[in-house]
Amino acid sequence: MPIPGRSELIDHLVRARIAGAVATPRENNLDHYRRLAQGDRNFWFGLELGDRWADEQDVLAVMAERCGVSDDLEHRSGQDTIDPELTVAALERMAVVLRKAAEGRLSVLLATGHPGGLLDVHRTTAAALRAAGCEIVAVPFGLRADDGNVYQVADVAVYERGASLWHTHSPHPMAAILDGLAAAGRPLPDLVVADHGWAGCAAQRGIDAVGYADSNDPALFLAEAEGTLQVAVPLDDHVADPRFYEPMTAYLLGAAGLV
């Protein structure tokens, strides 16, 4: 995959609806912001937010700043947006983290709760980091969480149940991995590259972490604002075809010096 230029990538993100006028509706975004503010831990992604974000308007302000959703309090339904400039800026910040990991030959754990959309993004990133000399952390055998299995596909940790890979926001699969590594006397990863509760759980436990997040998933953006998570990349995390993410991944790895 050729590495796109910055403006070329922005155009692609908008055309593919990874950013710009995304599919996630405004009412869904606001519903999730409200539930997080009300203390619903299903929307905390393994983070401990306390009562710091109990005002829905504060959550919206951060999402407008870091994701690019509308900051208009009267805009209650219909189209919402992700600013592609913010997406690319966050990819560039993530690239700095990946470059440092490669330079230090750090141990990295990659994981996704969105295997239908982001599995190949993480797989390609894992391959590039491995080629640069990083250790890709192997998940212990036999891990269980949320009545399912936790293992790796192409160096990416996933959650499986009923012979299918599942979309999950839960932090419990990442907790199972970290607890399993500790129980086996193995070191924890230096860096986690993930999304959803996988990224939130790792960051909450003090591990350097970066992640991808949709406009209806505010927790990771709040964690970045508080300094718990290093980078949250705003994007629609399940577009029509996962191949649409390939130019984005190429740009990320090119900026990190990994291709």
message: Which of the three applies to region 169-212, rounded, prolate or oblate, going by the alpha-carbon gyration tensor with a ≥ b ≥ c and a/c under 1.5 meaning rounded?
response: oblate
message: What is the distance in Å between the Cα centroid of region 55-75 and that of region 1-38?
response: 14
- request: List the residues whose amide H sits under 5 Å from the amide H of S107, counting only those 5 or more places along or on another chain, with H placed 1.01 Å from N in the peptide plane.
  value: E135, D190, L191
- request: Report the one residue of P173, H114, L188 whose Cα lies farthest in the direction of the positive end of the charge dipole of the chain (charges on C-beta: Lys and Arg +1, Asp and Glu -1; origin at the Cα centre).
  value: L188
- prompt: According to the square roots a ≥ b ≥ c of the eigenvalues of the Cα gyration tensor, what is the shape class of region 1-151, taking rounded for a/c under 1.5, prolate for a/b larger than b/c otherwise, and oblate for the remainder?
  reply: oblate
- request: With a point put 7 Å past each Cα toward its Cβ, work out how far A54 is from A89 in nm, to one decimal.
  value: 3.1
task: Please list, in chain and number order, the residues 5+ apart from L229 or on another chain whose amide H is under 5 Å from its amide H, with Hs placed from the backbone.
output: E224
statement: Full extension between S164 and Q79 adds, at 0.36 nm per residue less the Cα distance, a length in nm of 27.4 nm
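Please identify every one of the GluC sites (Glu not before Pro) in region 8-59 that sits in a loop by DSSP and has no more than 13 other beta carbons within 10 Å of its own beta carbon.
Within region 8-59, the qualifying GluC sites (Glu not before Pro) (loop, at most 13 other Cβ atoms within 10 Å) are E48.
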- prompt: Sorted from fewest to most neighbouring beta carbons within 10 Å, what does the list R35, R161, R76 look like?
  reply: R76, R161, R35
Mean residue ellipticity (222 nm) of the chain, computed from DSSP H runs ≥ 4 via -39,500 (n - 2.57), nearest 500: -13000 deg cm²/dmol
statement: Counting only residues 5 or more apart in sequence or on a different chain, those whose built amide H sits under 5 Å from that of L143 are V150
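Give me the percent of DSSP beta bridges within the chain that run antiparallel, rounded to the nearest 5.
In the chain, DSSP labels about 45 percent of beta bridges as antiparallel.
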- prompt: So, in Å, what gap is there between the alpha-carbon centers of region 154-191 and region 201-259?
  reply: 17
field: Karplus-derived HN-Hα couplings along region 203-211 (A = 6.51, B = -1.76, C = 1.60, θ = phi - 60°), whole Hz, x at Gly and Pro
entry: 5, 5, 7, x, 8, 4, 8, 10, x
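Readers should treat all values here as calculations from the given coordinates under stated rules, not as data from a laboratory. Here the structure is a predicted model, which means the values were calculated and not measured. Virtual Cβ from ideal backbone geometry, glycine too; neighbours counted across all protein chains shown.
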